[in-house]
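The values are calculated or read from the model by the stated rules, or taken from the named source; none is laboratory data. All figures in this text were calculated on a predicted structure; none of them were measured in a lab. Glycine also receives a Cβ, built like all others from the backbone with ideal geometry; neighbour counts cover every protein chain displayed.
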Amino acid sequence: MVGQVWAVSSAGGYLWSDELSNTLRTALQPLVKFRQLCDAKDMTKKGLRRGQIFTWDIISNVATAGGTLVETQTMPVTGFTITQGTGTVTEYGNSVPYTGKLDALSKFPIEEMINKTLKDDVKKTLDQGAYNQFKLTALRVFPAAGTATDSVTLTTNGTCTGTNNVALGKNHVKAIGDMMKERNIPPYMGDDYLGIGHPTTWRGLKNDLESLHQYVDRGFTMILNGEIGRYEGFRFIEQTNIAKETFTNAKSNWAYFMGEDTVAEALCIPEEIRGKLPGDFGRDRGFAWYYLGGFAAVHSTTDADQTRIVKWDSAA
């Protein structure tokens, strides 16, 4: 069987070992990062038994802008359009079976071990599900000419056309922030945008900020997992759940900058650990995690004018 058994050392036999220590150790695991940036739409009540498609309304600007009036002029009339965004609810899950013999002979509590491992797996899996929607953004930026340290080039069709060959720095962040404000992208929280990337992607920026400041507000409460600092209207988050991409000379790697209305999460059945009904007279056991829900970009991934997510990107 695939899973945990006593007969294979790496699958269970090592759970009785007096060679080194009585302490059980586990591999390092990251916390959820991208999923916390989703706009959760709780469907635990209204979403169940309503089909697998979830929707939300998107309100346009008025068709004709207002203006000055002449005293005897009739008040102008305009309107707006309503469109719907859609996403799909799907099942997520994973399981670890184990034998009754392993449970009986193991020095360590196998159920506790599997539960912990599955909880780590669900965090990474659902983070990947959220990230798959963030990466569809139509807005991509890269250093002007590939190596500029104070300006960026923007593409709006979901494709990066330039090779990124310089580390991300504070002046790039300033240029990206100015661009986002001029595109009227609303802030994510308060007056701040968010940025998320790998620790090494932020390294140049953090070095730049050592002579300045990371937090200008004393006592500022960091409420986001992985948050490392605040600068120029951005709050920065480190993540390691999602793998890096291949950038020329490895001078940098992807990062995402975002405002409000990013990715929607439809939450029908929150993630939970489920025990398998014992089979084969109690010899066949197991645990699984299960989640019913889905992720979808709030705004059309082809409508650059409404996109709220910007990717620091490279063509190679």
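Looking at ILE269, ILE237, ILE228, which one is closer than 16 Å to TYR193 by Cα, of a type outside the set (Ser, Thr, Tyr), touching a residue at least 40 places away in the same chain (Cβ under 8 Å) and out of contact with any helix residue (DSSP H, G or I) (no Cβ under 6 Å at 6 or more places or on another chain)?
Answer to the selection: ILE237.
Taking the criterion of being at pLDDT below 90 and either crowded, with 22+ Cβ neighbours inside 10 Å or farther than 24 Å from ALA130 by Cα (or both), would at least one residue in the stretch 291-309 satisfy it?
There is no residue in the stretch 291-309 that is at pLDDT below 90 and either crowded, with 22+ Cβ neighbours inside 10 Å or farther than 24 Å from ALA130 by Cα (or both).
When the stretch 191-212 is examined, which residues are found to be assigned to a loop (DSSP other than H, G, I, E, B) and either of a type in the set (Ser, Thr, Tyr) or under 20 Å from the mean Cα position of the chain (by Cα) (or both)?
Of everything in the stretch 191-212, those that are assigned to a loop (DSSP other than H, G, I, E, B) and either of a type in the set (Ser, Thr, Tyr) or under 20 Å from the mean Cα position of the chain (by Cα) (or both) turn out to be HIS198, SER211.
Residues in the stretch 162-171: is at least one under 25 Å from ALA243 (Cβ atoms), at pLDDT 95 or above, in contact with a strand residue (DSSP E or B) (Cβ under 6 Å, 6 or more places away or on another chain) and not aliphatic (A, V, I, L, M)?
Yes; the residues of the stretch 162-171 include at least one that is under 25 Å from ALA243 (Cβ atoms), at pLDDT 95 or above, in contact with a strand residue (DSSP E or B) (Cβ under 6 Å, 6 or more places away or on another chain) and not aliphatic (A, V, I, L, M).
Looking at ALA264, ALA255, ALA304, which one is within 30 Å of PHE234 (Cα to Cα) and touching a helix residue (DSSP H, G or I) at 6+ places or on another chain (Cβ under 8 Å)?
Just a single option satisfies the conditions, and that option is ALA255.
Just need a number here: residues in the stretch 188-211 that are farther than 20 Å from GLN239 by Cβ and modelled with pLDDT of 95 or more.
Of the residues in the stretch 188-211, 0 are farther than 20 Å from GLN239 by Cβ and modelled with pLDDT of 95 or more.
Here's the yes/no breakdown for (1) in contact with a His (Cβ under 9 Å, 6 or more places away or on another chain); (2) among the polar types (S, T, N, Q):
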{"residue": "PHE80", "(1), (2)": "no, no"}
{"residue": "GLY85", "(1), (2)": "yes, no"}
{"residue": "THR88", "(1), (2)": "no, yes"}
{"residue": "VAL96", "(1), (2)": "no, no"}
{"residue": "THR99", "(1), (2)": "no, yes"}
{"residue": "ASP103", "(1), (2)": "no, no"}
{"residue": "GLU111", "(1), (2)": "no, no"}
{"residue": "ASN115", "(1), (2)": "no, yes"}
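Would you check which residues across the stretch 142-167 are surrounded by 20 or more Cβ atoms within 10 Å (Cβ to Cβ) and in contact with a helix residue (DSSP H, G or I) (Cβ under 6 Å, 6 or more places away or on another chain) and list them?
VAL152, GLY162, ALA167
Got a number for residues in the stretch 175-199 being exposed (fewer than 14 other Cβ atoms within 10 Å of the Cβ) and in contact with a helix residue (DSSP H, G or I) (Cβ under 9 Å, 6 or more places away or on another chain)?
Count: 1.
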